[in-house]
Amino acid sequence: MSKNIKIRKGANIKLEGAAERVKAEAPKATSFAIKPTDFHGLTPKLVVKEGDSVKAGSPIFYDKYNEHLKFTSPVSGKVSEIVRGAKRKILEVKIAPDGANSFEQFDVSDLSSDVKVKELLMASGLWPLIKQRPYDVVANPQDSPKAIFISAFDSAPLGADYDFILHGQKEAFQAGVNALSKLTKGKVHLNVRGESAPDVTFKEAKGVERNTFSGPHPAGNVGIQIHHIDPVNKGERVWTVNAQSVAMIGRFLLTGKADFSKTIALAGSEVEKPKYYTTVVGSNIASIIDGQIKAGDNRIISGNVLTGTQVSKDGYLGFYADVVSVIPEGREPQFLGWLAPNTNKLSFSKAYFSWLMPNKKFNLNTNMNGEDRAFVMTGQYESVLPMDIYPVHLIKSIMTKDLEKMENLGIYEVAPEDMALCEFACTSKMEVQKILREGLDLAQEELG
Amino acid sequence: MQFLRNIFDNIRPNFEKGGKLEKYYKGFEALETFAFTPGHVTHNGTHVRDAIDLKRTMFLVVIALVPSLLFGMWNTGHQHFLALGEMTGLADGLMDKFLFGALKVLPIVIVSYGVGLGIEFLFAIMKNHSVNEGYLVSGLLIPLVLPSEIPLWMVAVATAFAVLIGKEVFGGTGMNILNPALTARAFLFFAYPTKMSGNTVWISTAGESTVDGYTGETLLSQAYNADKGADFGGIAYDAAGNHFGSIADTMWASFWGWIPGSIGETSVFAILLGAALLIATGIGSWRIMLSFLVGGLVMSGIFNAFAVNSFMAVHPLQQILMGSFMFGMVFMATDPVSASQTEMGKWIYGFLAGFLGIMIRVFNPAYPEGIMMAILFMNVMAPLIDHYVIQANVKRRLKRVPVTA
């Protein structure tokens with residue numbers, strides 16, 4: 001039974017610089033990198049050395065605890081540098097493309113069983129596109145999830161529009177869905193936006209349970225959708241795949257080539273002409289943003305402004321990113337900033353005036369707008385988290401490392417991105433996502 | 001404001017690591033962040049942040065208190081001149097009354113802020129934590145719940161007690177169990193009862209002789225003593241011993257607030273102005289206010305229906321208009337730290353506080369007000385209420401788990 005669900009709690013953050021629905025080809029990247037840090041909790045084992053030649057789809061490193069789970073090169077070329085951090089932790093494996101664009105060829109003729117599909121996805125490096133709840137980490141291939149969830153829309157600020165990106169990729173998307181449906185005994189849920197008609201890619205997808213979600217962000221977050229349709233209980237596993245990733249998986253299974261090209265939105269107030277670009281996973285950011293952003297002190301974020309990762313101008317596009325956001329830094333102290341009317345600032349509270357301008361698009365910068373404090377205000381987190389969960393108490397239980405309480409209060413159901421709005425709204429400027437991630441790590445370690 | 005910015009930038013190195021005033025950094029930080037919202041930027045996590053911070057939040061509560069404060073100043077003067085039998089009309093000598101009151105009230109405010117903020121800064125420097133803005137509100141709440149005749153040294157002692165024992169021992173703002181301002185009031189109430197209740201503390205007579213028949217009783221005390229021969233519940237006395245014409249007049253006077261009482265508590269009108277701001281900005285919980293009001297009306301309605309004495313017979317509307325019911329409802333019960341934190345909990349907490357407040361007021365044999373005790377009691381009970389509300393959520397979650405044989 002497909003469901004129509006209306007989300008009431010939450011809020012849309014309307015920002016300047018939404019990407020225009022136009023696709024352009026980004027210039028070929030001059031350097032690529034695959035970053036183990038994109039895959040939370042992964043311990044990588046390298047299989048290449050600096051100077052090795054690789055093809056697109058050749059393994060770069062694998063998971064220490066599962067040698068079959070490979071992470072592969074998105075492009076053919078030479079391993080140019082292995083960047084290590086403290087304790088020799090691998091931060092980036094850089095690859096210089098050779099321009100030949102040669103692919104490793106996989107045999108995709110037999111997709112009859114889940115074992116075959118898993119083997120192919122793990123060998124080709126596409127498996128990490130499948131993530132699991134609880135804990136929001138790369139799915140463990142040995143698990144059997146009770147359902148697989150695909151969110152067909154991104155409600156985050158400046159989020160990518162999958163209806164636009166996947167228009168005309170119906171076959172690839174369907175092939176991806178077919179493969180995923182082999183991996184679970186339960187249903188594959190495809191959750192589309194309730195306010196507008198979905199693209200034919202989603203509308204005509206077969207073998208899925210189509211649910212609609214309407215309402216403000218985080219309605220498009222897959223964690224919220226799981227909570228309302230088939231919540232995760234202790235010991236259960238649910239897998240999630242981003243809509244564009246489904247099409248990438250499908251494309252691979254149709255062609256046998258690990259093609260990591262994707263469409264991303266370049267958006268934000270500091271972008272000259274925000275629009276969509278086709279590029280490849282792991283491309284250097286410069287290939288996307290060069291000549292596209294305004295002068296000044298800007299922050300480049302691989303991902304959206306709520307959950308993304310800050311990257312430098314010579315950084316790289318993250319593995320999961322569908323958006324590159326560029327917003328101004330906010331390093332200027334403001335005289336009596338707490339007292340000023342600040343009509344250019346956004347607040348969910350009515351202590352500022354932004355609530356009088358519900359349609360205004362804001363140009364927000366990275367200023368904290370205040371200082372760290374202990375919890376004082378109540379009800380703020382609850383009003384932007386559309387889940388039957390007490391977020392402040394959950395966060396407090398994590399701060400005190402009380403595992404039993406964390407479990408009771410619903411740690412299995414949340415991922416940092418689901419509580420990003422809580423972090424935005426917090427008067428006391430708590431680092432909600434960071435704290436939650438620590439809690440998830442602890443729970444995974446202790447409770448499994 | 002470049003000038004001020006330069007000053008801060010110039011003296012900053014003294015307070016930073018290695019500077020000679022390093023240990024006073026938190027004090028410097030408090031002043032600097034007060035003048036300039038700092039240029040701190042976000043790290044990973046959310047890259048943008050809501051404009052709201054604790055300074056703005058607390059400042060809006062202070063603004064919400066201003067009508068009560070200004071009215072309290074005028075009323076202090078008004079009650080003084082009434083007692084002397086001079087300028088007894090409401091409109092007479094507006095500025096004289098206001099100035100007289102301001103001279104009485106401002107020193108209390110200054111002492112409260114001075115002592116309270118002094119201790120806050122001291123603790124911030126000693127324990128190396130940031131100065132929390134919570135005291136901006138407590139520092140104004142304390143004077144408003146005291147009688148205007150309170151000796152200043154008592155204000156200082158009570159403030160010190162409230163900040164130290166009510167707040168800092170628990171770890172500062174956000175960790176306290178009891179509302180600090182009510183803690184200060186309760187401390188004075190039990191330590192120096194003769195300065196906190198009775199007929200002589202509410203009105204400043206400045207040593208001059210009062211008019212004949214003048215008592216200085218509050219409405220509550222009149223209602224309370226109604227059993228003992230005085231007349232209430234229909235016809236009440238005003239401060240100068242004149243009859244209010246009717247219960248409607250009594251209500252009228254207690255709504256506007258030209259009656260004896262603590263500095264900020266008398267004018268329901270001024271309090272409602274503040275309440276409107278708190279509710280409009282979402283800073284005060286309307287759930288707590290509404291359920292508190294309902295709780296008070298229900299209890300006084302029950303008393304009214306089954307009255308065996310004249311205090312119980314007081315009209316429910318009159319009950320909530322007099323005394324500190326409204327002030328407690330809007331400014332004390334809604335303190336987010338000491339109140340319940342869950343939505344459901346707020347309904348229960350508010351209702352019980354209002355309900356118990358009227359019950360204590362009417363049945364307490366010692367003194368004729370119970371709101372303070374009721375809110376303090378519910379502050380203590382709030383975590384328990386939250387516990388059961390959350391436990392219900394936990395049970396719902398456990399029920400969902402499919403039963404495996």
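Can you find even one residue in region A:8-15 that is closer than 24 Å to A:A197 by Cβ, within 14 Å of chain B (Cβ to nearest Cβ) and touching a strand residue (DSSP E or B) at 6+ places or on another chain (Cβ under 9 Å)?
The answer is yes; a qualifying residue exists.
Is there a residue in region A:111-120 that is in the same structural domain as A:F149 (by TED's automatic domain parsing) and either over 22 Å from A:K182 (Cα atoms) or within 21 Å of the chain's Cα centre (by Cα) (or both)?
Checked region A:111-120: no residue is in the same structural domain as A:F149 (by TED's automatic domain parsing) and either over 22 Å from A:K182 (Cα atoms) or within 21 Å of the chain's Cα centre (by Cα) (or both).
Name every residue in region A:424-446 that is outside any loop (DSSP other than H, G, I, E, B), free of Cβ contacts under 8 Å to residues at least 60 places away in the same chain, open to solvent by 10 Å² or more (accessible area, probe 1.4 Å) and not basic (K, R), in order of residue number.
The answer is A:I435, A:E438, A:L442, A:E445, A:E446.
Checking B:K17 against (1) away from chain A (no Cβ under 14 Å); (2) touching a residue at least 12 places away in the same chain (Cβ under 8 Å), which single condition isn't satisfied?
Failing condition for B:K17: (2).
Has region A:306-313 got at least one residue that is over 24 Å from A:L421 (Cβ atoms), more than 14 Å from every other protein chain (Cβ to nearest Cβ), surrounded by 24 or more Cβ atoms within 10 Å (Cβ to Cβ) and of a type outside the set (D, E)?
No, region A:306-313 has no match at all.
Of the residues that sit in region A:315-330 and are within 14 Å of another protein chain (Cβ to nearest Cβ) and outside any loop (DSSP other than H, G, I, E, B), which one is surrounded by the fewest Cβ atoms within 10 Å (Cβ to Cβ)?
A:P328
Are any residues in region B:79-115 assigned to a loop (DSSP other than H, G, I, E, B), in contact with a Phe, Trp or Tyr (Cβ under 9 Å, 6 or more places away or on another chain) and either of a type in the set (G, A, S) or within 24 Å of B:W153 (Cβ to Cβ) (or both), and if so, which ones?
Of everything in region B:79-115, those that are assigned to a loop (DSSP other than H, G, I, E, B), in contact with a Phe, Trp or Tyr (Cβ under 9 Å, 6 or more places away or on another chain) and either of a type in the set (G, A, S) or within 24 Å of B:W153 (Cβ to Cβ) (or both) turn out to be B:G85, B:G93.
Working carefully through the options A:S151, A:S144, A:S112, find the one that is surrounded by fewer than 17 Cβ atoms within 10 Å (Cβ to Cβ) and within 25 Å of A:I224 (Cβ to Cβ).
Every option except A:S144 fails the conditions.
Residue-wise test of (1) crowded, with 17+ Cβ neighbours inside 10 Å; (2) outside the structural domain of A:L120 (by TED's automatic domain parsing); (3) closer than 21 Å to A:V384 by Cβ.
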{"residue": "A:L158", "(1), (2), (3)": "yes, no, yes"}
{"residue": "A:Y162", "(1), (2), (3)": "yes, no, no"}
{"residue": "A:I165", "(1), (2), (3)": "yes, no, no"}
{"residue": "A:G168", "(1), (2), (3)": "no, no, no"}
{"residue": "A:A172", "(1), (2), (3)": "yes, no, no"}
{"residue": "A:V177", "(1), (2), (3)": "yes, no, no"}
{"residue": "A:V188", "(1), (2), (3)": "yes, no, no"}
{"residue": "A:F202", "(1), (2), (3)": "yes, no, no"}
{"residue": "A:V208", "(1), (2), (3)": "yes, no, no"}
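When you scan region B:32-54, how many residues do you find that are more than 7 Å from chain A (Cβ to nearest Cβ) and either surrounded by 19 or more Cβ atoms within 10 Å (Cβ to Cβ) or touching a strand residue (DSSP E or B) at 6+ places or on another chain (Cβ under 8 Å) (or both)?
Of all residues in region B:32-54, those more than 7 Å from chain A (Cβ to nearest Cβ) come to B:32, B:34, B:43.
The next check asks that each one be either surrounded by 19 or more Cβ atoms within 10 Å (Cβ to Cβ) or touching a strand residue (DSSP E or B) at 6+ places or on another chain (Cβ under 8 Å) (or both); those that pass are B:32, B:43.
Of the residues in that region, 2 qualify.
For region B:280-290, name all the residues that are within 14 Å of another protein chain (Cβ to nearest Cβ), in a helix (DSSP H, G or I) and either among the basic types (K, R) or touching a helix residue (DSSP H, G or I) at 6+ places or on another chain (Cβ under 9 Å) (or both).
B:T281, B:W286, B:R287, B:I288, B:M289
Conditions (1) part of a loop (DSSP other than H, G, I, E, B); (2) open to solvent by 10 Å² or more (accessible area, probe 1.4 Å); (3) of a type in the set (V, I, T), marked per residue:
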| residue | (1), (2), (3) |
| --- | --- |
| B:W153 | no, yes, no |
| B:V157 | no, yes, yes |
| B:I165 | no, yes, yes |
| B:E168 | no, no, no |
| B:G172 | yes, no, no |
| B:I177 | yes, yes, yes |
| B:A186 | no, yes, no |
| B:N199 | yes, yes, no |
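Which condition breaks for A:T366 when tested against (1) free of Cβ contacts under 8 Å to residues at least 40 places away in the same chain; (2) crowded, with 23+ Cβ neighbours inside 10 Å; (3) hydroxyl-bearing (S, T, Y); (4) within 30 Å of A:P36 (Cβ to Cβ)?
Here A:T366 clears every test but (1).
Could you tell me how many of the residues in region A:43-81 are β-branched (V, I, T) and either in contact with a Gly (Cβ under 9 Å, 6 or more places away or on another chain) or at pLDDT 95 or above (or both)?
Going through region A:43-81 one residue at a time, the tally reaches 5.
I'd like to check something: does region A:299-307 contain any residue that is over 17 Å from the mean Cα position of the chain (by Cα) and modelled with pLDDT of 90 or more?
yes
Determine if region A:331-354 includes at least one residue that is crowded, with 21+ Cβ neighbours inside 10 Å, in contact (Cβ under 8 Å) with a residue 24 or more places away in the chain, more than 7 Å from every other protein chain (Cβ to nearest Cβ) and of a type in the set (S, T, N, Q).
Checking region A:331-354: not a single residue is crowded, with 21+ Cβ neighbours inside 10 Å, in contact (Cβ under 8 Å) with a residue 24 or more places away in the chain, more than 7 Å from every other protein chain (Cβ to nearest Cβ) and of a type in the set (S, T, N, Q).
Can you work out which of the residues in region A:50-86 that are open to solvent by 50 Å² or more (accessible area, probe 1.4 Å) and not in a strand (DSSP E or B) is farthest from A:M122 (Cα to Cα)?
This residue is A:A86.
Mind listing just one residue for me: the one in region A:289-314 that is assigned to a loop (DSSP other than H, G, I, E, B) and among the polar types (S, T, N, Q) and, of those, farthest from B:T42 (Cα to Cα)?
Result: A:Q292.
What helices (runs of 4 or more DSSP H) lie completely within region A:144-238 and have 3 or more residues being closer than 24 Å to A:E417 by Cα? Quick ask: steps written out before the conclusion?
Numbers: elements: A:162-165, A:170-182, A:200-203, A:222-229.
In region A:144-238, A:162-165, A:222-229 are the helices (runs of 4 or more DSSP H) which contain 3 or more residues that are closer than 24 Å to A:E417 by Cα.
Being at pLDDT below 90 and outside the structural domain of B:F190 (by TED's automatic domain parsing) narrows it down to one of B:V389, B:V403, B:V380, so name that one. Before the answer, list the steps.
Values: B:V389 fails: at pLDDT below 90; B:V380 fails: at pLDDT below 90.
It is B:V403.
Filter region B:124-147 down to the residues that are more than 14 Å from every other protein chain (Cβ to nearest Cβ) and modelled with pLDDT under 90, then identify the one that is surrounded by the fewest Cβ atoms within 10 Å (Cβ to Cβ).
So, considering only residues that are more than 14 Å from every other protein chain (Cβ to nearest Cβ) and modelled with pLDDT under 90, the one surrounded by the fewest Cβ atoms within 10 Å (Cβ to Cβ) is B:M126.
Check region A:132-139 and report whether any residue there is surrounded by fewer than 20 Cβ atoms within 10 Å (Cβ to Cβ) and under 30 Å from A:I13 (Cβ atoms).
Narrowing region A:132-139 to residues surrounded by fewer than 20 Cβ atoms within 10 Å (Cβ to Cβ): A:132, A:137.
Checking the rest, the ones that are also under 30 Å from A:I13 (Cβ atoms) come to A:132, A:137.
Taking every residue of region A:132-139 in turn, at least one turns out to be surrounded by fewer than 20 Cβ atoms within 10 Å (Cβ to Cβ) and under 30 Å from A:I13 (Cβ atoms).
For region A:394-423, which residues satisfy the criterion of being more than 8 Å from every other protein chain (Cβ to nearest Cβ) and assigned to a loop (DSSP other than H, G, I, E, B)?
Scanning region A:394-423 gives A:T400, A:K401, A:D402, A:V414, A:A415.
Which number in (1) within 10 Å of chain B (Cβ to nearest Cβ); (2) assigned to a helix (DSSP H, G or I) marks the one condition that A:T378 misses?
Going through the list (1) within 10 Å of chain B (Cβ to nearest Cβ); (2) assigned to a helix (DSSP H, G or I), A:T378 breaks only (2).
What is the residue count in region B:77-123 for residues that are of a type in the set (S, T, N, Q) and at pLDDT below 90?
2
Which of the numbered conditions does B:M1 fail, given that it passes all the others? Conditions: (1) within 14 Å of another protein chain (Cβ to nearest Cβ); (2) open to solvent by 40 Å² or more (accessible area, probe 1.4 Å); (3) modelled with pLDDT of 85 or more.
Failed condition: (3).
The values are calculated or read from the model by the stated rules, or taken from the named source; none is laboratory data. Everything numeric in this text was worked out from a predicted model, so none of it was measured. For neighbour counting, all protein chains shown are included, and Cβ atoms are generated from backbone atoms with ideal geometry for every residue, glycine included. These accessible areas exclude ligands, DNA and RNA; they are computed on the full protein's heavy atoms, side chains included. Shrake-Rupley method; radii C 1.70, N 1.55, O 1.52, S 1.80 Å.
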